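Engineer: Starting off with a structure, shown below.
Any read-out appearing in this document is the output of simple, stated calculations on the displayed coordinates, not a laboratory observation. As the structure is a computational prediction, the values presented were derived from the model and not from experiment. Here the Cβ positions follow ideal geometry from the backbone for every residue, glycine too, while neighbour counts run over all protein chains shown.
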Amino acid sequence: MLLVLALLLVLSAAFVPNFTKWENVKGLLLAVSLVGMISCTMLFCLAGGDFDLSVGSTVALAGVIAALVINKYGNAPLALMIPIAAGALIGSLNGFVIARIGINALITTLAMMQIVRGVAYLISNGSSIGVFDRGLTGMATWSFGGLQASVYYMIALFAAFGFLLNRTVFGRNTLAIGGNSEAARLAGLPVVRTKVLIFMLQGAVAAFAGVILAARVSSGNPDTAKGLELQVISSCVLGGVSLTGGIGTISGMIVGVLIMGVVQNSMSLLNIDAFWQLVASGVVLLAAVMLDRLKSQKA
Amino acid sequence: MPLEFRAIGKEFPGVKALEDVSFAVGEGSVHALMGENGAGKSTLLKILSGAYRADSGQIFLNGQSVSFATPVAALEAGVAVIYQELHLVPEMTVAENLFLGHYPAAGGWIKRSELRQRAVEIIGRIGEQIDPDMKVGSLSLAQRQMVEIGKALSRNAQVIAFDEPTSALSAREVERLFEIIADLRLQGKIILYVSHRMDEIFRVCDALTVLRDGKHIETFKSLEGVQPGVIVERMVGRTIDDIWGYRPRAQGEVIFDAKDITGPGLAAPQDIQVRAGEIVGIFGLVGAGRTELLKALYRGVPGCGGQIEIAGKPVRAGQPRDSIAAGIALCPEDRKKEGIVGLRSVLENTNLSARRNHALGGVVIDERWERSNAQTQVDKLRVRTPSLQQPIGLLSGGNQQKVILGRWLSESVQVLLLDEPTRGIDVGAKREIYELMYALAETGVGIIMVSSELPEVLGVSDRILVMRQGKLVAEVRREDATEAGVLALALPVAEEAA
């Protein structure tokens, strides 16, 4: 996949006007930051043999809660922590139902996706809520070396979850459980606990990303991030993460996120119609995954 | 000759699976294929069946060079391979499975009555009492295997290859299978038969080819006058006189004391004791509850009861985790489903359980320990692997089993539960596993081994327990044990009367 990314970068640099301009690079990184952050935990979900469709809704709900809290109490740390706690709760519920009760992850998170989206509409009365508190917007609008806060949050999460995956018992257990959960259980691994933790982290990270998004665009919008879950899963799959569990690397996932970002960025620069962009994104996903399959068959 | 392999070669990354393999198989004969795991038998069958493509060489069928792109193409050309893992759809009926992929149909509509009629006919030819309308999922393992053979018949296959067909069958079912094979032989079919069991080979086969390390070693055109020892020698490339290599050892106090053990598949509460340094063998026919007993002792399934003491200390009866913490370890019967994480590396599989004890604060992995422990176990157990990073699923069964043993040797194990520890493992690796068991027992570990191979139970155990219909029914000392005696104890009572 690294090859695909390199090829894309070379082609884009050669044929897409302004692609290599610093302004554009900044914009590209900012554009992938939301997907990038949530891909960190989605990687764990997928590597553990499950997936999570409720992240888009969680992003929206978190933004709405943050807006409500800040407008009521004017306390920025509170407006960050309460949504994260809510996200963690949503995730834990997902994890509990999937791992403990044994309901299929597709059904569970599909249901949760609707429930959470519905709650976001309910508490916001269906419309965006403005965020004007400097303390909160400041969390998302600071920049350093020209790069916006979200990019740094994304990089920090890459580092944190890279460490978790490769260097902790939790990370290695995740891959083993995704590879063969019965063997993992008989080898004494805490399967249920690990899965609940994975989903809890997923909810918390999605909520964090949701708060940062709301702070960046100065509004908590219950309509936002629809279909985000599919973009996130696409990026992971592009990055070589197995949909059936057991395989996944942080570096691969980052490459996947960047491939998606470069394709969308190039198309925007080329003024390709948004509807066509959607078609192209799908084609890129399919082509890249087929290419990968071809490569691994040869090996 | 109707079926001929000429200079077949196949390479996988880092391994020459087959190299210049040539031999011929006659029709109306049963041709055995023997060799240690990793010798290339399975690869050869997969090339024959179209699952793999050979890198070099050709297969000739009836004088014509053939190469099948897919297993379906091979089936259509009359080549059927019946693997250890059966390829049936459990939710479909016997009749549907028999004709899967070539239903009698008109214009896209399945002709139900014809399907059923032809299924009955096929079942009649196998001579088994199976209802064609039953779901395959509700059949016994043996019956499913018969259905798999029926599938080959439904295609009117000329070549039928069996890959370890008896490994999951009871003695009576094996007899039935042999009758069917004899029948197929009379019909002039070309039959390849892969097995590790020497007694079967001599009963069923006319000719035999030995592979070792991907190379053709020798083809015996007739088995008359051939000594089993000679074949084993060809397989391992060295002489093995006594495959058990049993050595007596001192036994200590009772280290494992289980009382009133209950669990799914057990007919009554069971008691079992093991001394330090003792190897207890449990024999029973398929369905006697052997695996269920081990699982219950390990708390490997929900709904187990009873008390277990290790060296006088009660074990918390909960989950596998608690058992491991108390020093009880299980090597499961079904390695692929319950033992290994096939996608992950040898290193990951070795350290899977024990790493929690070596991680900083129980959280951050100690990479130095991870590497050194995995390397230690690989060296100690002589696991043959290209590297510690090799996915374990690509290793042979014997090496997978050694890695699982290595996983438990990384813990402080006091009682080792082994469920069919040498199933599907070749002679050379079997001996290595036995040696490991003796070596462990010599350090004071208590071992319970379940096996469906009676000679193995008699050859390795210090004491033999017999299971029948979900209960431990008899105990035989090593000195007093004979095959006939133990088998008689294991036979279901109802059948004795019949």
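Engineer: Can you tell me which lysines have their Cα less than 26 Å from the Cα of B:LYS313? Leave out same-chain residues fewer than eight positions away.
Structural biologist: List returned: B:LYS259, B:LYS295, B:LYS471.
Engineer: Computed FRET efficiency, Cβ-Cβ of A:ALA280 and B:SER140, R0 45 Å: what is it to the nearest 0.05?
Structural biologist: Computed FRET efficiency for A:ALA280 and B:SER140 comes out at 0.25.
Engineer: Please state the shape class of chain B: rounded when a/c is under 1.5, otherwise prolate if a/b exceeds b/c and oblate if not, all from the C-alpha gyration tensor.
Structural biologist: Working: a/c = 1.70, a/b = 1.43, b/c = 1.19.
Here chain B falls in the prolate category.
Engineer: Which percent of Cα-Cα pairs in the stretch B:3-236 sits in each 5 Å bin, short to long?
Structural biologist: 1, 6, 14, 18, 19, 16, 12, 7, 4, 1, 0, 0
Engineer: R0 = 35 Å: FRET efficiency of B:LEU487 with B:ARG247, Cβ-based, nearest 0.05? Don't jump to the answer; show the numbers that get you there.
Structural biologist: Values: r = 25 Å, r/R0 = 0.72.
The formula returns an efficiency of 0.85 here.
Engineer: Answer rounded, prolate or oblate for the protein assembly as shown, using the Cα gyration tensor with square roots of eigenvalues a ≥ b ≥ c: rounded when a/c is under 1.5, else prolate when a/b is larger than b/c, else oblate.
Structural biologist: prolate
Engineer: Would you mind telling me the antiparallel percentage of the DSSP bridges in the protein assembly as shown, rounded to 5? Let's see the in-between values first.
Structural biologist: Values: 48 of 85 bridges.
Just about 55 percent of them are antiparallel.
Engineer: What 222 nm value per residue comes from the helices of chain A, counting each DSSP H run with n ≥ 4 as -39,500 (n - 2.57) and dividing by all residues, nearest 500 deg cm²/dmol?
Structural biologist: Counting only the DSSP helices, I get -25500 deg cm²/dmol.
Engineer: Would you tally the net charge around B:GLN375, using a Cβ to Cβ cut-off of less than 13 Å, leaving B:GLN375 out, and scoring K and R as +1, D and E as -1?
Structural biologist: On the way: positive: B:ARG368, B:ARG371, B:LYS380, B:ARG382; negative: B:GLU367, B:GLU370, B:ASP379.
Every neighbour counted, the sum reads +1.
Engineer: Report, largest value first, the span of the C-alpha coordinates of the stretch A:133-232 along each principal axis, in whole Å.
Structural biologist: Principal-axis extents of the stretch A:133-232 (Cα, largest first): 52, 32, 23 Å.
Engineer: Further question on the same structure: Hey, what angle do you get for helix B:397-409 against the long axis of chain B, alpha-carbon based, 0 to 90 degrees rounded to 10?
Structural biologist: Taking Cα atoms only, the helix is inclined about 10 degrees.
Engineer: Also: Dipole of chain A (Lys/Arg Cβ +1, Asp/Glu Cβ -1, origin at the Cα centre): which of A:MET200, A:SER33, A:GLY261 lies farthest to the positive side?
Structural biologist: A:MET200
Engineer: Indicate, rounded to the nearest 5 percent, the antiparallel portion of the DSSP beta bridges found entirely in the stretch B:254-497.
Structural biologist: Taking every DSSP beta bridge with both residues in the stretch B:254-497, the antiparallel ones total about 55 percent.
Engineer: Another question, then. Which three extents, in whole angstrom, do the alpha-carbon atoms of the stretch B:241-305 cover along their principal axes, largest first?
Structural biologist: 42, 29, 18 Å, listed from the longest principal axis down.
Engineer: A follow-up question, please. Pull up all non-local amide H partners of B:TYR193: gap of 5 or more, or a different chain, and H-to-H distance under 5 Å with H placed in the peptide plane.
Structural biologist: Correct list: B:HIS31, B:ALA32, B:LEU33, B:PHE162.
Engineer: Okay, next question. Mind checking which lysines have their C-alpha under 24 Å from B:LYS16, skipping anything on the same chain fewer than 8 residues away?
Structural biologist: A:LYS295, A:LYS298, B:LYS41, B:LYS46, B:LYS215, B:LYS336, B:LYS402, B:LYS430
Engineer: Now for a different question. For B:ILE255, what is the net charge nearby, where nearby means another residue's Cβ is under 13 Å from its Cβ and Lys, Arg count +1, Asp, Glu -1?
Structural biologist: -2
Engineer: Can you check what the net charge comes to around A:LEU238, using other residues whose Cβ is under 13 Å from the Cβ of A:LEU238 (Lys, Arg +1; Asp, Glu -1)?
Structural biologist: Neighbourhood net charge equals 0.
Engineer: Shifting gears a bit: Evaluate the stretch B:254-497: find the radius of gyration of its Cα atoms, find its Kirkwood radius, and give the ratio Rg to Rh.
Structural biologist: With Rg and the Kirkwood Rh in hand, the quotient comes to 0.97.
Engineer: Quick check: residue separation of B:GLN64 and B:ASP199 times 0.36 nm, minus the Cα distance between them. What number comes out in nm?
Structural biologist: The span from B:GLN64 to B:ASP199 would gain 45.2 nm if fully extended.
Engineer: Okay, next question. When the dipole is taken about the Cα centre of the stretch B:3-236, and only Lys, Arg (+1) and Asp, Glu (-1) are charged at their Cβ, what size is it in debye, to the nearest 20?
Structural biologist: Computed about the Cα centre, the dipole is about 400 debye.
Engineer: Related question: By how many nm would the segment from B:ALA439 to B:ALA7 lengthen if fully extended, with 0.36 nm per residue of separation less the alpha-carbon distance?
Structural biologist: Working it through step by step, the gained length comes to 151.3 nm.
Engineer: Another question, if that's okay. Considering only B:MET134, B:THR43, B:VAL21, whose Cα is most displaced toward the positive end of the charge dipole of the stretch B:3-236, charges sitting on Cβ of Lys, Arg (+1) and Asp, Glu (-1)?
Structural biologist: Positive-most Cα among the choices belongs to B:MET134.
Engineer: Taking the inverse of the average 1/r across all pairs of different Cα atoms in the stretch B:1-138, what Kirkwood radius in Å do you get?
Structural biologist: On the way: mean 1/r = 0.0580 Å⁻¹.
Computed over the stretch B:1-138, the radius equals 17.2 Å.
Engineer: I need the phi-derived Karplus couplings for the stretch B:25-32: 6.51 cos²θ - 1.76 cosθ + 1.60, θ = phi - 60°, integer Hz, Gly and Pro marked x.
Structural biologist: Ordered by residue, 3J(HN,Hα) equals 10, x, 8, x, 9, 9, 10, 7 Hz.
Engineer: So, one more: Please give the charge dipole size of the protein assembly as shown, origin at the Cα centre, charges +1 on K and R Cβ atoms and -1 on D and E Cβ atoms. Round to the nearest 20 debye.
Structural biologist: 2220
Engineer: Could you name the aspartates and glutamates whose alpha carbon sits less than 16 Å from that of B:LYS111, not counting residues in the same chain fewer than 8 places away?
Structural biologist: Within the straight-line cut-off, B:LYS111 pairs with B:GLU96, B:GLU121, B:ASP133.
Engineer: Where does chain B land at 222 nm, in deg cm²/dmol rounded to the nearest 500, when only DSSP H runs of n ≥ 4 count, each adding -39500 (n - 2.57), divided by all residues?
Structural biologist: -9500 deg cm²/dmol
Engineer: Same structure, new question: For the pair B:GLU309 and B:GLU233, what calculated FRET efficiency results from E = 1/(1 + (r/R0)^6), where r is the Cβ-Cβ distance and R0 = 41 Å, to the nearest 0.05?
Structural biologist: The value I calculate is 0.35.
Engineer: Treating the beta-carbon of each Lys and Arg as +1 and of each Asp and Glu as -1, no other charges, what is the dipole magnitude of the stretch B:254-497 about its Cα centre, to the nearest 20 debye? It would help to have the intermediate numbers written out before the result.
Structural biologist: On the way: 29 positive and 31 negative charges, 161 e Å.
Dipole magnitude for the stretch B:254-497 comes out near 780 debye.
Engineer: 7 Å from Cα along Cα→Cβ at both A:ALA14 and B:SER22: what's the point-to-point distance in nm?
Structural biologist: Between A:ALA14 and B:SER22, the label points sit 5.0 nm apart.
Engineer: Right, something else. Report the semi-axes of the equivalent ellipsoid for chain A in whole Å, largest first, where each axis is √(5λ) for an eigenvalue λ of the Cα gyration tensor. Mind dumping the intermediate values first?
Structural biologist: Working: eigenvalues 156, 152, 54 Å².
Equivalent-ellipsoid dimensions as semi-axes: 28, 28, 16 Å.
Engineer: Sticking with this structure for a sec: Work out how much length A:GLU23 to A:GLN114 would gain on full extension: take 0.36 nm times their residue separation and subtract the Cα-Cα distance, in nm to one decimal.
Structural biologist: Working: separation 91, 0.36 × 91 = 32.76 nm, distance 3.74 nm.
Full extension from A:GLU23 to A:GLN114 adds 29.0 nm.
Engineer: Can you tell which of B:THR443, B:LEU417, B:LEU381 lies farthest toward the positive end of the dipole of the stretch B:254-497, using +1 and -1 charges on the Cβ of basic and acidic side chains (Lys, Arg; Asp, Glu)?
Structural biologist: Of the options given, the answer is B:LEU381.
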